[in-house]
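Structure first, then comments.
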Amino acid sequence: MGDVYIQGVDMIRFGRFPDRSLTSLGAEAALLALDDAGLNMGDIQAAWCGNLGQAGGMVGQRILQEIGQTGIPVVNVANACATGATAFREAWMGVKAGLYDVVLAVGVEQMGRGLLGGAGGSKGISKEGLLGSGIMPCVFAEAGVEHTRSYGTTFEQFAQVSVKNHHHSTMNSKAMYQKETPLEDVMGAEMISYPNTKLMCSVNVDGAAAAVLVSEKKARELGSGRAVKVRASALTSDPYSDRDLVMPDINTCTRNAAAVAYEMAGVGPDDLDLVELHDCFATAEILHYENLGLCKDGDAGRLIDEGETALGGRIPVNVSGGLLSKGHPLGATGIANIYEVSTHLRGEAGARQVEGARLGLTHVIGLGSACAIHVLEKPA
C-alpha cells in the first residue's frame, strides 16, 4: 500500500451565515479545495461528507448537486466533534486500500447558539442535576478543577491559553474573531463554569472545510510539489471501564489515539513542529498538552507560563487561533485543523508561519466518544 497525500485543502472563513444554506457552505469549501488541487469534480472518484446536526442527512449528495453529480459513491459521516476528521480518515482509508486515486472529504456545520451537552432525550432519572452537569462547559470545568487538584494548575494559567490563542487569531483572516484579549479581560469575563470564563469557551459558528486526497501514484503524476503526506491516521473510542463514571473521561481516548498515531508515523511528540488540538475550552488545551505527550503529566502549566506553545516557542499549539477564536463548527473542525497544519507545512501561513515546519499533528475529540489524530509531513 502506498502513501496518501493531501493534494488540495481549504476552508471558508468561519462565521455566522443565516442567509446561506448548509450545502452552499460545503460546496464553497469543496470548490476551494478542488481549485487548490488543480482538479475538478470530474476527477473525483468518491466523496465523504462530515455533518452532525442536519436533519434528513445526505448532505454530501446535496453538496454534489451544487458542484457536479458524477455518479460516484458518497458517504455521510457523523461522529461528534470528530466528525470532519472521521470523514477525512474514511477518505484516506479509501485511497490507502487502493480503491481510489482521487477522493474528496468535506466537513460542514451550521451551529445554533447556547450550550452543548446536557441530558438530551434520556429516559428515566437523568444524572443531570443529580450527580453534576453534562453540559460541555461543566464537563471541561470539572476536568480543569481535577487538574488543579492534582498538579496545582492555576486559574491564570488556564486563562493564558485564551490570551495566546486569541493573539494567534489576529494573524488568521479565516478566524471568526481576530482580536487580542488581555489576561485581565479573559479572567474578568462572565464566568460560565469555573475556571472557564466566556472568553475561555469555543465559539459556535457556521463553517466548512474540504480536502482532496490522492494516491502516491497520482501525486507523482500531478507533480505540484505542494502535496502533504499523511504519515498517520488514528481513530479511537473509549475503552471499557468497570466503573460507571459520573463525568466523561476526556483523557484516555486521546492518549490511546496518540499512541497509535505516533507508532504508525514512526515519530514521537518531540519530532513535531506544530499542533492543532481540540481547545473546546481553555482547560481542555492544558490537559491535551499532557495527553498528546507534549510534556510530562503535571507540566502543562509550565508550558503555557514559559511560552513554549506560543508562536515562536518550542512547540506552537493552535496558531490558527484555535476553536477559542477561529470557531468550532462541529462537522468542519477536523478538516479545518488539517488545513491549518498543511498550510504551515507548505510554508504558506504568512504572518503566523511556523518557520521550518516539517511535521504537524491535528487532534479532535468528541465526547461520547471519538478521538481522531493525524500526523502530516511537509511536501518533499
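The values are calculated or read from the model by the stated rules, or taken from the named source; none is laboratory data. Since we're looking at a predicted model, the values are computed, not measured. Every residue, glycine among them, receives a Cβ derived from its backbone with ideal geometry; neighbour counts consider all protein chains shown.
Table for the structure above
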{"quantity": "Restricting region 213-229 to residues that are part of a strand (DSSP E or B) and out of contact with any Leu (no Cβ under 6 Å at 6 or more places or on another chain), the residue that is farthest from Gly94 (Cα to Cα)", "calculated": "Lys229"}
{"quantity": "Spans of helices (runs of 4 or more DSSP H) in region 291-380 with at least 2 residues surrounded by fewer than 19 Cβ atoms within 10 Å (Cβ to Cβ)", "calculated": "300-305"}
{"quantity": "Filter result (within 21 Å of the chain's Cα centre (by Cα), at pLDDT 95 or above and over 20 Å from Arg220 (Cα atoms)) within region 29-67", "calculated": "Ala29, Ala30, Leu31, Leu32, Ala47, Trp48, Cys49, Gly50, Asn51, Val59, Gly60"}
{"quantity": "Whichever residue in region 236-270 is surrounded by 12 or more Cβ atoms within 10 Å (Cβ to Cβ), part of a loop (DSSP other than H, G, I, E, B) and of a type outside the set (Val, Ile, Thr) and, among such residues, is modelled with the lowest pLDDT", "calculated": "Met247"}
{"quantity": "Members of region 339-370 that are farther than 13 Å from Val230 by Cα, touching a helix residue (DSSP H, G or I) at 6+ places or on another chain (Cβ under 7 Å) and among the β-branched types (Val, Ile, Thr)", "calculated": "Val354, Val364, Ile365"}
{"quantity": "One residue from Val106, Val95, Val163, Val186 being under 30 Å from Val214 (Cα atoms), in contact with a helix residue (DSSP H, G or I) (Cβ under 7 Å, 6 or more places away or on another chain), modelled with pLDDT of 95 or more and not hydroxyl-bearing (Ser, Thr, Tyr)", "calculated": "Val106"}
{"quantity": "Hits in region 166-183 - residues which are touching a helix residue (DSSP H, G or I) at 6+ places or on another chain (Cβ under 7 Å), among the polar types (S, T, N, Q) and in contact (Cβ under 8 Å) with a residue 40 or more places away in the chain", "calculated": "Ser169, Asn172, Gln178"}
